[in-house]
Amino acid sequence: MAKLSRRHFLALCAATNAGLLLPAAPAPAEALGDFPLHKKVGEALTICPYCSCGCGLVIATDEHGHITNTEGDPDHITNRGALDPKSISVTQLSNSPLRLKNVMYRAAGSDQWEEQSWEWATAEIAKRIKKTRDESFVATAEVKEKVVTVNRAEGLACLGGAANNSEDCYLFSKLARALGVVYLEHQARI
Ligand code: SF4
């Protein structure tokens, strides 16, 4: 066995440590191979659809609109960048070939679904809200033997979702009150 002097031992340690501390040489461009650095990545902010916490997500999409990455939104007031594993699978939900992307309508009494446009659905909802409000509106009511103005739309009810933020809820409440809705609730309370 070769004899190692104290001087050689110290020199060897110094050389090894210097090697560990030296920065690694940058990888040559060819070593990156087909890594898609040229691909466009669009980032957008959205809300996790899975539970009522409504955590904020930053999603990256490729040029086909497919989600390629999901991260917690550090600026979102609910999660401050944190996420649970379930939210990561939003990619599967979004990219699934089974995902419903159009409005499907089944008329009362029918057993058939028909595809409709979003414009048709929005107009239909507005039409039905107006019809129900007109039919069920109560302008006055007797309270303690006096007739008072109440302006209640008793045929309508509104239910907010727990993923709505404060601003969404504010606007939702404003709309409901303007319509005369008194049955106004929120998912988080029921
Ligand atoms: S990330 Fe988790 S906690 Fe947050 S909304 Fe999605 S499922 Fe709920």
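Coordinate-derived values only; no laboratory data. Quick caveat: nothing in here was measured; it's all calculated off a predicted structure. Glycine gets a Cβ as well: all are built from the backbone with ideal geometry, and neighbour counts include every protein chain shown.
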Note, Cys48: beta-carbon cut-off 12 Å, +1 each Lys/Arg, -1 each Asp/Glu, net -2
With 0.36 nm assigned to each residue of separation and the Cα-Cα distance removed, Glu145 to Met104 gains 9.8 nm
Excluding residues fewer than 8 positions from Lys131 in its own chain, the aspartates and glutamates with Cα under 19 Å of it are Glu119, Glu154
Karplus ³J(HN,Hα) for the stretch 43-48 (6.51 cos²θ - 1.76 cosθ + 1.60, θ = phi - 60°; Hz, whole; x = Gly/Pro) runs 10, 9, 9, 8, 10, 4
Karplus-derived 3J(HN,Hα) from phi for the stretch 155-170 (6.51 cos²θ - 1.76 cosθ + 1.60, θ = phi - 60°), whole Hz, x at Gly and Pro, runs x, 10, 9, 10, 10, x, x, 6, 7, 6, 8, 4, 5, 4, 5, 4
In the stretch 103-189 the DSSP beta bridges are antiparallel at a rate, in percent to nearest 5, of 70 percent
Full extension between Ser89 and Ala60 adds, at 0.36 nm per residue less the Cα distance, a length in nm of 9.1 nm
Distance in nm between Glu119 and Glu154 label points, each 7 Å along Cα→Cβ, equals 3.9 nm
